[in-house]
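Below you'll find the structure, written out as structure tokens, and then a few comments.
Values quoted throughout were computed directly from the atomic coordinates according to the rules given, and no laboratory measurement underlies them. None of the values given here were measured: they were computed from a predicted structure. Virtual Cβ from ideal backbone geometry, glycine too; neighbours counted across all protein chains shown.
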Amino acid sequence: MGDSAWSRTHQKEPIAAEFGKALDRFDATGKAYRGHVGYINWETVVGERCETFDSVYTPGKSYAFVSRADNLKQAMDRGFNLVGLSNNHSRDCTSPDGEAMTAQATAALGDAKHAFHGVGDAGRKNDVKVTTFVAQGKSIRVAFGSLYLGSRRACTGSVCANDKRALFENLRGAAADLRVVAIHSMNGTTQDELVHAGIEFVKSYDGDVVFGSGPHVWKPVRVVRKQSGKTGVVFESLGNFLHPNLAAQQKNYIGRALFDPNSMALRQVQVIPVHNTGTDVKFSTADLRTLPSNLKLKTSERGGFANVKP
């Protein structure tokens, strides 16, 4: 899932934690967004209060967010187990320190089945998280990391551009069956950088899935051949998902990748268009024929899919 939060800009006292209720309004069954592994990009500082934001509130020009940790617990209870934290809002709060506050809050939530990555202790922020799930009776290990590509290349407690190589090497070296990275861009230039980094991750670092975000609108989906001969998928931008402070628009999607649990080969890619409407998300009627891809998407009930050749 793309850009998400449960917050309004420059509110010192975060709004009540109701992310779970919004998910239930969208799909009470959870079938549209749940899988063995569920990813979401969380675009706020996590904590109970921010005294001082890093920007002055200017309507329509500046944005800064803090959200309650209970929102993430609600998301976890509904199947999300990979949470990307490194983005342009990771440092929105200067008092208390936003990175430290987020790291403390998410450390208390993480466990063997749920991974938060992108903000953490400065000395270990590039350590990847490995979670385990069971599919068709087989235990599958997933290595996960989150990276921000923005104007600030080095960050104290966040994984930023200068950390890319270390993060990618750690993901490649992890004892895992699947390797997933979330990458967040800031503008057109860094979105191009995101695409190149995503392709590099799949080709050269044995990556399996790249979840891109940042442009607030969908961007192409592409399957990339690894040096090993297998394939991975790059969702260049999922767009938005569920965020009360984002403008409504229809060109966003839920990106899904299906793997053979025995060979771990990518078998199918799915996209489900969604319409972010502030405090709600709905299924979108946007035409998937306008979504660039090197796959030939076939129509499904809620979106499109393409089988991937070995």
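What the table below lists for this structure:
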item: Calculated [θ] (222 nm, deg cm²/dmol) that DSSP helices of n ≥ 4 give over the chain, each run adding -39,500 (n - 2.57); result: -5500 deg cm²/dmol
item: Check: the chain dipole with +1 on Lys, Arg Cβ and -1 on Asp, Glu Cβ, in debye; result: 1080
item: Sequence-distant residues sharing a close amide H with Cys160 (under 5 Å, placed H); result: Tyr148, Cys155
item: Cross-link partners of Lys309 among aspartates and glutamates (Cα-Cα below 14 Å; sequence separation of 8 or more within a chain); result: Asp260
item: Packing-based ranking, highest mean first, of 194-206, 162-174, 122-134 given that Cβ atoms within 10 Å are counted; result: 194-206, 162-174, 122-134
item: Segment Asn162-Glu13, length gained on full extension (0.36 nm per residue, minus Cα span); result: 50.4 nm
item: Too-long pairs where the Cα-Cα distance tops 19 Å, listed order kept, from Lys31/Lys226; Lys203/Lys230; Lys73/Lys219; Lys21/Lys282; result: Lys31/Lys226; Lys73/Lys219
item: Among beta bridges that DSSP assigns inside the chain, antiparallel share in %, nearest 5; result: 55
item: Calculated from backbone phi, Karplus (6.51, -1.76, 1.60) coupling profile of segment 180-187 in Hz, x at Gly/Pro; result: 10, 10, 9, 10, 10, 9, 10, 8
item: Pairwise FRET efficiency - Ser300 versus Lys21, Cβ, R0 = 22 Å, nearest 0.05; result: 0.20
item: Distance in nm between pseudo-label sites at Gln268 and Lys61 (7 Å out along the Cβ direction from Cα); result: 4.9
item: At least 20 Å along the helix axis (C-alpha) and Kyte average at least -0.5, DSSP helices within the chain; result: 188-205
item: Ordering of 71-77, 290-296 by burial proxy (mean other Cβ atoms within 10 Å per residue, highest first); result: 71-77, 290-296
item: Relative contact order (percent, whole number), segment 3-307, Cα cutoff 8 Å, 6+ residue spacing; result: 14
item: Under Karplus coefficients 6.51, -1.76 and 1.60, residue-wise ³J(HN,Hα) of segment 117-133 in Hz, glycine/proline x; result: 8, x, 9, x, 4, 4, x, 10, 5, 8, 5, 7, 9, 10, 10, 10, 9
item: Ascending count of other beta-carbon atoms within 10 Å, so fewest first, for Glu99, Glu18, Glu51; result: Glu51, Glu18, Glu99
item: Pairwise FRET efficiency - Ala248 versus Lys73, Cβ, R0 = 30 Å, nearest 0.05; result: 0.65
item: Largest-first ellipsoid semi-axes for segment 31-184, taking √(5λ) over the Cα gyration tensor eigenvalues, angstrom; result: 27, 18, 13
item: In nm, spacing of pseudo-spin labels at Thr29 and Ser151 (7 Å Cα→C-beta vector); result: 4.6
item: Cα-centred dipole magnitude for segment 240-295, charges only on beta-carbon of K, R (+1) and D, E (-1), debye, nearest 20; result: 80
item: 5 angstrom amide H check on Ile183, placed H, neighbours 5+ away; result: Leu147, Phe211, Gly212, Ser213
item: Matching label, Cα extents along the principal axes in Å computed from the structure shown, candidates (i) 56, 37, 34; (ii) 63, 44, 42; (iii) 53, 43, 39; result: (iii)
item: FRET efficiency estimate (nearest 0.05) - Cβ-Cβ, Ala108 to Asp54, R0 22 angstrom; result: 0.40
item: Phi to ³J(HN,Hα) by Karplus 6.51 cos²θ - 1.76 cosθ + 1.60 over segment 232-245, Hz, x for Gly, Pro; result: x, 10, 10, 8, 5, 7, 6, x, 9, 10, 9, 7, x, 9
